[in-house]
């Protein structure tokens with residue numbers, strides 16, 4: 001029996017999905033994309049899983065769509081809505097970018113909520129060199145993440161962006177040593193899990209919904225969420241959580 005194209009590990013409210021075609025730099029074949037979308041949809045239905053970490057096996061996060069398959073199969077870019085499955089996952093998705101993230105792999109990274117990169121990570125949008133326009137959101141997400149001028153430089157040249165430059169441009173939250181990548185991702189996931197459960201979901205939804213709106217409409221959206229979520233909030237509940245916030249602040253101040 002062939003090994004699964006993705007590996008799923010669950011522990012303490014966190015699911016880690018590892019793209020598992022290291023010999024092909026985790027190229028996104030139809031089969032891999034199908035397994036990935038199915039796994040994410042199943043995790044969304046799992047009440048015990050609240051945060052997802054996405055990474056790659058071997059020396060690549062993902063080299064993008066399988067170009068060999070693309071050259072042999074008509075419609076190889078269609079049919080599997082991985083980005084939709086990611087968007088429908090209600091909790092945060094942390095991208096642990098362990099190596100190259102190219103074109104479709106870059107788009108996959110941009111579909112995450114937070115990115116942590118290994119020092120060995122590199123990013124590239126080679127759509128213009130392959131001769132295919134993006135269809136998974138890169139043309140819109142990248143410019144919103146790093147600014148339109150930098151996005152045009154990357155997309156219209158196909159040049160690679162180092163992990164250090166990605167951090168300087170605000171594409172990734174931080175860069176860590178290769179052996180510290182997964183511990184850093186898990187630590188961040190644990191921090192997210194320590195928040196009020198329903199707020200973790202609703203706050204992500206609020207940020208995402210407002211980000212696609214103009215500023216005035218975004219403020220109206222915030223008020224709508226605020227009124228709905230805070231209607232049942234009691235002073236006793238706030239006071240009970242204050243002690244935990246103070247203790248956390250004191251602990252972090254010592255680190």
**OP:** Could you pull out the residue among 23, 35, 41 that is in contact (Cβ under 8 Å) with a residue 12 or more places away in the chain, touching a helix residue (DSSP H, G or I) at 6+ places or on another chain (Cβ under 9 Å) and surrounded by fewer than 22 Cβ atoms within 10 Å (Cβ to Cβ)?
**Re:** 41
Original post:
Any chance the range 64-72 includes a residue that's surrounded by fewer than 18 Cβ atoms within 10 Å (Cβ to Cβ), modelled with pLDDT under 95 and either outside the structural domain of residue 171 (by TED's automatic domain parsing) or not in a helix (DSSP H, G or I) (or both)?
Top reply: no
Original post:
Which of the residues spanning the range 44-60 are closer than 19 Å to residue 84 by Cα, touching a residue at least 24 places away in the same chain (Cβ under 8 Å) and part of a loop (DSSP other than H, G, I, E, B)?
Top reply: 46, 49, 50
Original post:
Would you pick out the residues in the range 1-27 that are within 20 Å of residue 113 (Cβ to Cβ), touching a strand residue (DSSP E or B) at 6+ places or on another chain (Cβ under 9 Å) and part of a strand (DSSP E or B)?
Top reply: 6, 8, 9, 10, 14, 15, 16, 17, 18, 19
**OP:** State whether the residues of the range 151-167 include one that is surrounded by fewer than 22 Cβ atoms within 10 Å (Cβ to Cβ), in contact (Cβ under 8 Å) with a residue 12 or more places away in the chain and within 30 Å of residue 197 (Cα to Cα).
**Re:** yes
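Matching residues to (1) assigned to a helix (DSSP H, G or I); (2) touching a helix residue (DSSP H, G or I) at 6+ places or on another chain (Cβ under 8 Å):
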{"position": "128", "(1), (2)": "yes, yes"}
{"position": "135", "(1), (2)": "no, no"}
{"position": "145", "(1), (2)": "yes, yes"}
{"position": "156", "(1), (2)": "yes, yes"}
{"position": "165", "(1), (2)": "yes, no"}
{"position": "182", "(1), (2)": "yes, no"}
{"position": "190", "(1), (2)": "yes, no"}
{"position": "200", "(1), (2)": "yes, yes"}
{"position": "213", "(1), (2)": "no, yes"}
Original post:
Does residue 110 qualify as being in contact with a strand residue (DSSP E or B) (Cβ under 7 Å, 6 or more places away or on another chain), at pLDDT 95 or above and not assigned by TED's automatic domain parsing to the domain that holds residue 231?
Top reply: no
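The values are calculated or read from the model by the stated rules, or taken from the named source; none is laboratory data. Keep in mind it's a predicted model, so treat the numbers as computed, not measured. FYI the Cβ positions are ideal-geometry reconstructions off the backbone, even for glycines, and counts take in every protein chain you see.
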